[in-house]
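Visitor: Please read through the structure below; I'll follow up with questions.
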Amino acid sequence: MKVDCVGLACSECCRRYWITVLPKELEKQARLLRISEKNFIEKNCVLHLNLFPVEGPGGPLVVSSVFLPKKIASKLKKHFEPLPSHFIVLPSIAFKRGKNGACIFLSKNLCKIYRARPRQCELFPFISIEKIDLALEYSFCMALKHKPKIPRVLLEKAQLLNVTKYFEAVEKNGFENIWGFLPKKGVACLENNFLCAISKKDFLELFNIG
Ligand code: SF4
Ligand code: SF4
């Protein structure tokens, strides 16, 4: 399911989130702009680390808090007392955002890579894996306001599978081997909310591959 944003001149969802991409999506975006993937990444992307607290060890991409880079651990301590023993750490590549928070590809309310935009942009606001009240969760979304009786819908299965396969591949083959080229700088987020800027060195050391 998709909402119809045409004519709403909204783009609010392009101003609020870090937009992560999958390798195949990035290939298409670079092709659309007629630049190499390396140039695309260098110019438009950052490393993106998303952390979620968990009860204990085990499971994919779970690390002990002891191994978190100092900067991340100190920022997390402002949110937790005591610090959870483990975190799920999800590494990806995201689009840079401007000072106003908007995605680097947003220009005058239009997407500069619209034909190759990430699937999560196409799907918004149907991006949750849990049943939520969309109108309440995304009260800023004008399309939902125009269709208040929209049903509760979960993230489409195909996209969920793509994302799951990506993280399985990262775990099996290593982050660096999934991407041919990496951005120089990164951001760490706690449950999708910005935590702090991080270096490429810290990012890679976390996965013992730097
Ligand atoms: S916030 Fe809603 S209406 Fe606005 S651009 Fe995004 S999906 Fe469309
Ligand atoms: S890629 Fe395009 S649709 Fe997606 S957030 Fe950026 S500007 Fe919006």
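Visitor: Within the set of pairs 6+ apart or on separate chains, which have a first residue in the stretch 30-42 that is in contact (Cβ under 8 Å) with a residue 40 or more places away in the chain, a second that is of a type in the set (Asp, Glu), and C-beta atoms under 8 Å apart?
Guide: That search, which allows pairs on different chains as well, returns GLU37/GLU27.
Visitor: Report, by residue number, each residue of the stretch 35-77 that is outside any loop (DSSP other than H, G, I, E, B) and farther than 30 Å from ILE104 by Cβ.
Guide: VAL54, VAL62, SER64, SER65, VAL66, PHE67, LYS77
Visitor: Here's a follow-up. Quick check: is even one residue across the stretch 91-109 over 30 Å from GLU205 (Cα atoms) and away from ligand 1 (no atom under 16 Å from the Cβ)?
Guide: Within the stretch 91-109, not a single residue is over 30 Å from GLU205 (Cα atoms) and away from ligand 1 (no atom under 16 Å from the Cβ).
Visitor: Then there is this: Conditions first: (1) crowded, with 18+ Cβ neighbours inside 10 Å; (2) out of contact with any helix residue (DSSP H, G or I) (no Cβ under 8 Å at 6 or more places or on another chain). GLN120 passes all but one, so which condition is the exception?
Guide: Single failed check for GLN120: (2).
Visitor: If I go through the stretch 78-105 residue by residue, how many of them are at pLDDT below 95 and either within 16 Å of ligand 2 (Cβ to nearest atom) or assigned to a helix (DSSP H, G or I) (or both)?
Guide: Residues meeting the conditions: 4.
Visitor: Hey, can you tell me all the residues within the stretch 106-126 that are near ligand 2 (Cβ under 10 Å from one of its atoms), on the phi < 0 side of the Ramachandran plot and either of a type in the set (Phe, Trp, Tyr) or in a loop (DSSP other than H, G, I, E, B) (or both)?
Guide: Those that are near ligand 2 (Cβ under 10 Å from one of its atoms), on the phi < 0 side of the Ramachandran plot and either of a type in the set (Phe, Trp, Tyr) or in a loop (DSSP other than H, G, I, E, B) (or both): LYS112, ILE113, TYR114, ARG117, PRO118, PHE124.
Visitor: Which condition does LYS108 not pass, out of (1) touching a Lys or Arg at 6+ places or on another chain (Cβ under 6 Å); (2) surrounded by fewer than 12 Cβ atoms within 10 Å (Cβ to Cβ), if it passes all the others?
Guide: Among (1) touching a Lys or Arg at 6+ places or on another chain (Cβ under 6 Å); (2) surrounded by fewer than 12 Cβ atoms within 10 Å (Cβ to Cβ), the lone unmet condition for LYS108 is (1).
Visitor: Return yes or no: is GLU171 away from ligand 2 (no atom under 16 Å from the Cβ), farther than 19 Å from ALA30 by Cβ and of a type outside the set (Ser, Thr, Tyr)?
Guide: Judged against the criteria, GLU171 is a match.
The values are calculated or read from the model by the stated rules, or taken from the named source; none is laboratory data. Owing to the predicted nature of the structure, the values given are computational and were not obtained by experimental measurement. Quick reminder, even Gly has a Cβ in these numbers, built from the backbone with ideal geometry, and neighbours come from all protein chains shown.
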